1. Could you please state, rounded to a whole Å, how far the C-alpha centre of the stretch B:62-132 is from the C-alpha centre of the stretch A:225-282?
2. Report, ordered by chain and residue number, the lysines lying within cross-link reach of B:K100, taken as a straight Cα distance under 19 Å and ignoring same-chain residues fewer than 8 apart.
3. Once you list every other residue whose beta carbon is under 10 Å from the beta carbon of A:N339, what net charge do they have if Lys and Arg are +1 and Asp and Glu are -1?
4. Considering the dipole of chain B built from charges on the beta carbon (Lys and Arg +1, Asp and Glu -1) around the Cα centre, which of B:V122, B:S67, B:I54 is farthest to its positive end?
5. Contact order normalised by length for chain A, with contacts defined as Cα pairs under 8 Å and 6 or more residues apart; what percent is it?
6. Based on other C-beta atoms within 10 Å, arrange B:L136, A:L418, A:L340 from fewest to most.
7. With a cut-off of 8 Å between alpha carbons and a minimum separation of six or more residues, what is the relative contact order of the stretch B:12-75 in percent?
8. Please compute, for peptide A:76-88, the average count of beta-carbon atoms on other protein chains lying within 10 Å of each residue's beta-carbon.
Amino acid sequence: MQVGSITHKLKTGKPVSLVTDNGFLFSNTSELIAFRSDNKKAICSIGDKKYTAVKSYNDMRKLVSSLPGWFHTASGLRVNLNHIASVIAKNDKEYTLVSHNGLKFDLNKAFYEKVQKYYDVKTLQHVTPYSLPQYWMMKLGIRKIEKNIMYMKIPELFKEFSTDAGDTIVVTDLIVNFLYQQVEYIRKSDEGSPIAGGNVRSLWYLIKPTLSRLDLLDATNHYKTLSSVLGKMVEHRILSYMEFELYEYGLWNVGLYNPHIIFLAEKRSHFQFLQQVQDHAGVTIFATEGQPSTMTCEYFCEAFKKKVPEYWKHDRIIIINLMDYDPHGYMILDTFIDNLRVFGIKHPTEIKLSIPENYTDLELEFQHINLEKEDDDDVGNTILNKWMKKTEGINGNKWGMEVDVMMLDRPRVKELFLAAAESWFKIQPPVQRKIWEEVYRIIG
Amino acid sequence: MPRKKTENLDLLLALLMRIASPLKSITVQTTDEMVFIRPEDIAFITTDEKRIVIHDLEGNKWARFDSLAAMERKLEKDPRFFRSHRSFLINHFAVKSLYKGDAKGKVWKVKFHGAIQEEAMVSTLNLQEFKKLMELD
């Protein structure tokens, strides 16, 4: 039985007499939130008022020593935990106890263990179990900030976002909290996102004037800071691009008949071919246009999961891809698969079409790229060697193939695709409805 | 002990139980705080994707990364909690009314005292037991 809770609810406890301006106030220990020592006197907090107890601090300490819920939390401070609503971990040594009416009291490391035991929790740092997004929110320093950051005055911004010395603004801290504040406003609003239909730049334009007031627009490109921080927050599932209702123009379409098969291309110029294959086989299509953006992947995955809601139970996800046969192509594919995992599509089977076996000897001999001689800053020797270890290049040479060579013979690529997908089709092609033919007929 | 005295003690215990739960507070995480919620202040708990949502008697909602089954185990020694439905664990001390949620009586719903707008569901499978708890049977 939680006796402390019962006395707290019934407002009963040991009597305490308090000194007022013109007499005495008679209360009891259950109404007291805390008392602290001041020149041997006990200064008691009741509601939002403070009174001096008739008894000394030492006598008050003895009075509450056997009462459930009363704890020594810092030097010269006793707190009634029945009045405590929450705890804030400032770091792993210092904590703040917050009462139901918002009063704050220190909890020092020396007294931590008893309080932790009282609440019967593994730690007061965070709730266990807790989700990865919660972990990342704490790691990124996301906190509840009452005032709209865009309308904070400069001293307020320095107070909230500066370094310990107080002279420099930590821009990432400001931007992370700005983004979280914005998404919280959207979540609570019935109106939707104020930047619906915009893009990441729209968010940038909201915070840019604040950074300008802080004279922070000269040195670093903070648009990049914002888009990278936003990407990180999305990746850690703290928020999503969709919540901001940003415009997304990705080249993808979820198939009607065989949506679990994704036909992936690296280049925009191949999208029309993907559309033709989709009309024939009803598969999902996606052109990454180089490194796929996290935003595009999020929108794609949400649409995909709606179409194939329980794929992990019934369908294997198959990615048949048309990537360049080189380290770059492999990296793009890895990023795409990583992004799918972030947004909840896991363990796909991937089948590469652009591999030496699918090229003719003539193509391999005359159309290969010597990767050692290629001037590519992104691909150093280490990456190239790793790729060679995985693939053996072409006949052991550090050579690659641009997928465009294969795409010169589209019927062959289509045939390769159909052969690779054959055992995975749920509905055999040709499928009935040809979406792109319909679209192009309408738009002429 | 004479029977009358035992009965009185049982009654006293039941009354005390109404006032406060015998269990420790439930913790929930907000952006920068760990919040303590007394079990007697909870109206009901429901699920939302991979989280549970605790609705307190003041109408606040608190998310916790946990399962309803784990929460049910945690609260099983508190007689106020009842698993009314696959997706609901309710504090039946806080229930104000029970009513048919559809014409056929396949879905039953409860409303709560306090500032709570939301309703909780009672499955037909658990309806009989719930009626017993509420002394309707």
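1. After rounding, the separation between the Cα centres reads 41 Å.
2. B:K109, B:K111, B:K131, B:K132
3. Local charge sum for A:N339: -3.
4. After comparing all options, I get B:V122.
5. Computed value for chain A: 9 percent relative contact order.
6. B:L136, A:L418, A:L340
7. Reported relative contact order: 22 percent.
8. Mean inter-chain Cβ contacts per residue within 10 Å come to 3.
Read-outs throughout are calculated quantities, based only on the coordinates presented, and are distinct from any laboratory measurement. In this text the structure is predicted, and so the values were computed from the model without any measurement. Glycine also receives a Cβ, built like all others from the backbone with ideal geometry; neighbour counts cover every protein chain displayed.
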